[in-house]
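These notes concern the structure reproduced below.
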Amino acid sequence: MSTMNPFEKIRTNRKPENVGIHLTKKPKNPIIIEGFPGFGLVGTIATEFLIEHLKTEEIGKVWFEDMPAIIAIHDGKTINPIGIFYNEKYNIVIVHSISSLSGFEWRTANIIKDIANQLNAKEIICLEGIGTTELPSEEKEVKIEDIKTLYCGNNETSENKLNALGAEKLNESILMGIVPALMLKNQENLTCIFAETYSNLPDSKAAAKLVQILDKYLGLDVDYKPLVDMAEKFEIKLKSILEKSQKAVKEHDEKRPNYFG
């Protein structure tokens, strides 16, 4: 009598995911920093800033075959939906996305794990925004020093270091998206850093706060102030790209043949 798990056949016959990870360079033992569109676009803005202000080169890209084939063009340059960048000085790999990956959180987490395994990464750092109910008054301008940063992860040394830098441990929250997908997959050496944001609109100040604490955490010698000064430019650029991307997805879906009348 067979003792095979009845679900084993389903697993073994499962088709491979149509995912492409193309790396032109494979640095050894880097720190991976990822930022995806989330609350306030904080992770995307922060990683965009790091790419521009650290000496980085694009070493790869990622695509899903079951997503609409969309690529953004800005200032005459193509911007991959998910780009992979490398800074040799600090041995940092930055995974940067301008595409909404709603519905693909588990697959994206698998991609991050795959990249980490290929490169034997020392640590994965997730940059995210997190909402706050403590809304500022209309008369009071939000200052960088007033923005709270929080952390969670599975590396006690990293957590102690972030705590010493003024970040607070995230004790109570409900998380959704790629970060909890990575956490649930028990990714080793995972560090998540959040900046509180007051708006679902692009929040460059919250992103600047993340850059500030990340600079201290990794010793990057990056000045976050230009991000504050360039906030409007970054916000307009990313908002424009995302709006065009969403419009293209909508048009793609509307043009798709409807076989149900």
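Could you list all residues from segment 201-215 that are closer than 15 Å to Ile92 by Cα and either of a type in the set (Val, Ile, Thr) or surrounded by fewer than 19 Cβ atoms within 10 Å (Cβ to Cβ) (or both)?
Start the filter on segment 201-215 by keeping residues that are closer than 15 Å to Ile92 by Cα, which leaves 211, 214-215.
Scanning segment 201-215 gives Val211, Asp215.
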Legend entry - Odd one out for Thr78 among (1) within 18 Å of Ser204 (Cα to Cα); (2) at pLDDT below 90; (3) surrounded by fewer than 18 Cβ atoms within 10 Å (Cβ to Cβ): (1)
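Residue by residue, here is whether (1) crowded, with 16+ Cβ neighbours inside 10 Å; (2) at pLDDT 90 or above; (3) more than 17 Å from the chain's Cα centre (by Cα); (4) not polar (S, T, N, Q) holds:
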| residue | (1), (2), (3), (4) |
| --- | --- |
| Leu23 | yes, yes, yes, yes |
| Lys26 | no, yes, yes, yes |
| Thr47 | yes, yes, no, no |
| Lys55 | no, no, yes, yes |
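Could you list, in sequence order, all residues of segment 156-177 that are assigned to a helix (DSSP H, G or I) and either among the charged types (D, E, K, R) or touching a residue at least 24 places away in the same chain (Cβ under 8 Å) (or both)?
Initially, segment 156-177 is screened for residues assigned to a helix (DSSP H, G or I), giving 156-164.
If the condition is that a residue be assigned to a helix (DSSP H, G or I) and either among the charged types (D, E, K, R) or touching a residue at least 24 places away in the same chain (Cβ under 8 Å) (or both), then Glu156, Ser158, Glu159, Lys161, Leu162 are the ones that fit.
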Legend entry - Members of segment 178-197 that are part of a loop (DSSP other than H, G, I, E, B) and either under 10 Å from Gly129 (Cβ atoms) or modelled with pLDDT of 85 or more (or both): Asn189
Legend entry - Qualifying residues in segment 28-41 (those that are at pLDDT below 90 and over 16 Å from Ala109 (Cβ atoms)) - the one surrounded by the most Cβ atoms within 10 Å (Cβ to Cβ): Leu41
Legend entry - Index of the failed condition, Glu88 passing every other in (1) farther than 22 Å from Asp221 by Cβ; (2) of a type in the set (Asp, Glu); (3) at pLDDT 85 or above: (1)
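The values are calculated or read from the model by the stated rules, or taken from the named source; none is laboratory data. Nothing here was measured: the structure is a model prediction, and the numbers come from that model. No Cβ is skipped: glycine too gets one built from the backbone with ideal geometry, and neighbour counts run over all protein chains shown.
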